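Values quoted throughout were computed directly from the atomic coordinates according to the rules given, and no laboratory measurement underlies them. Just so you know, these numbers come straight off a predicted model, no measurement behind them. So basically every Cβ, Gly included, is an ideal-geometry build from the backbone, and we count neighbours across all protein chains shown.
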Amino acid sequence: MKLELGGRITRWRQAGADRRAANAAANLDRQPPFPGRWVSAISLIGGPSLIMAGTLLRSPFYYFVPYQLTAYTQHPALITAAYACFASGFVLLWPAVMTLAQRIAATSPLWGIWGGCLVIVGLFTRTFQFGTDHLAFHLTDALGLQTMLTGIDGYYVAWRDTVWHPFRSMSGPAFFGWVVLAVGAYRSGALGLGRSIALGLMSALALGTLKGTEPQSFVAVGGLCLAFIPLGIALLRGGPAPTRRAWIWVAVLIGVHVLMTGFGPRG
């Protein structure tokens, strides 16, 4: 019995090693065609890092809505930075998801397509929710804490009773898309079992207006970091450094962005 079980484990491990080897061979010298190696690497490293920063910054405050608004009235700069990091991390994450989906698709096309599409749809859904967070904080400045607490309660009731809305119907991918992507990453050999499970833990991250850091938030975001950041580092090491011309264009684009932000039209 023990010999049979040991043989099964050995065959299972060998099958996993074969899948990873096949996927590595399929992706050998195959850089992300879009958005490119450097953007993908920055996304794989920066997206999870920003999300973890936001998770840590708002962790001292209870996650439920009234406590988040109260924390904002007491620590506006800290809470604004926390939510901005969290939102920016998810916006930055789409190239990372696309890159992993392309690696999965090299050996398991359907898993790569479905996993990548579902997770990216989920990213849009979370971005919609971050917009309501931003509005709630600014209305708190204008209307006061008690008024906004009543207003958010009314918003949740209205959202619950909404028969159909595109972002309400797309809440499912925000959770289950990560599971599909994780299963695809394992079955294709793009990630090993441990990092695939870590990636799937992102399905535990809460979704909704003014949802702060919960205990499982660290598990979910920590899993994302474990799955994505090593892949980003590998991409950075897997090719030449940017040319001087590329650095010049980066500097020009950053300069234009700063000028437009500082002196462009407002309101």
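Quick notes on this structure:
- Dipole check for the chain: with +1 at the C-beta of Lys and Arg, -1 at the C-beta of Asp and Glu, and the Cα centre as origin, the magnitude is about 1020 Debye.
- Residues whose placed amide H lies under 5 Å from that of G189, excluding near-sequence neighbours: none
- Alpha-carbon radius of gyration plus Dmax, which is the widest Cα pair, for region 164-235 in Å: 13.4, 43
- Förster-model FRET efficiency, 51 Å R0, T70 and F34, C-beta, rounded to 0.05: 0.70
- Extension gain, V121 back to H138 (0.36 nm per residue minus Cα-Cα distance, nm): 3.4 nm
- Stretched out straight at 0.36 nm per residue, the stretch from I9 to A234 would grow longer than its current Cα-Cα span by 78.1 nm.
- Largest first, the three principal axis extents of the alpha carbons in region 1-146 are 66, 45, 22 Å in whole numbers.
- Considering only T10, G122, W164, the residue lying farthest towards the positive end of the dipole of the chain is T10, judged by Cα position with unit charges set on Cβ.
- Debye-formula intensities of region 143-267, expressed as log10 I(q)/I(0) at q = 0.17 Å⁻¹, are -1.00 (one equal scatterer per alpha-carbon, no solvent).
- Shape index of region 1-75: Rg/Rh, with Rg the Cα radius of gyration and Rh the Kirkwood radius from the inverse mean 1/r over Cα pairs, equals 1.31.
- Mean projected area of the Cα convex hull of the chain, taken over all directions, amounts to 18.4 nm².
- Evaluated at q = 0.11, 0.16, 0.17, 0.21 Å⁻¹: base-10 log I(q)/I(0), Debye formula over Cα of region 82-198: -0.48, -0.81, -0.86, -1.09
- In region 1-106, trypsin sites (Lys or Arg not before Pro) in a DSSP loop with at most 14 other beta-carbon atoms within 10 Å: R30
- Convex hull volume per residue for region 32-82, taking Cα atoms only, in Å³: 82 Å³
- Given charges at Cβ of Lys, Arg, Asp, Glu: the chain dipole, positive-most of F61, I104, S43: I104
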